[in-house]
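The structure appears below as structure tokens.
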Amino acid sequence: MKGKTTQTTSGARSRGRTDFKRLRQMRDGDIDYSDIPRLGKSFWTTAKLAMPEPKDRLTIRIDHDVVEWLKKKGSGYQTRINAILRSYMRAQSDERTDRWT
């Protein structure tokens, strides 16, 4: 699936906690920018666009109790699975770089 974009049908994606209706009704003048530093020209001369690495879509089987534990921690359980696997991968790579090759 690398490089492909997928779309979900309306309603298929879970709703987040952002109040988009309220945000759409705000005027620019209603936004408080006081905690955001101004960016000078020097920032833009060295700025680089960094795109996130694409993710692979997988189907895996995970024990029910493990999935329930991950979901109890709140939304984003798939991101947590990825973080756990990445942490394990890095720990194994630090231990012996040729272990999985």
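The values are calculated or read from the model by the stated rules, or taken from the named source; none is laboratory data. Just so it is clear, the model here is predicted, and its values are computed rather than measured. Glycine also receives a Cβ, built like all others from the backbone with ideal geometry; neighbour counts cover every protein chain displayed.
Here is how the numbers come out for the structure above:
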{"item": "Matching residues in the stretch 74-85 - criterion: being exposed (fewer than 11 other Cβ atoms within 10 Å of the Cβ) and farther than 19 Å from Arg17 by Cα", "result": "Leu85"}
{"item": "Number of the exception - Pro54 against (1) assigned to a helix (DSSP H, G or I); (2) surrounded by 10 or more Cβ atoms within 10 Å (Cβ to Cβ)", "result": "(1)"}
{"item": "Some residue of the stretch 88-97 being modelled with pLDDT of 90 or more and of a type in the set (Val, Ile, Thr)", "result": "no"}
{"item": "Candidates Lys48, Lys41, Lys71, filtered to the one that is under 28 Å from Arg17 (Cβ atoms) and without any contact (Cβ under 8 Å) to a residue 60 or more places away in the chain", "result": "Lys71"}
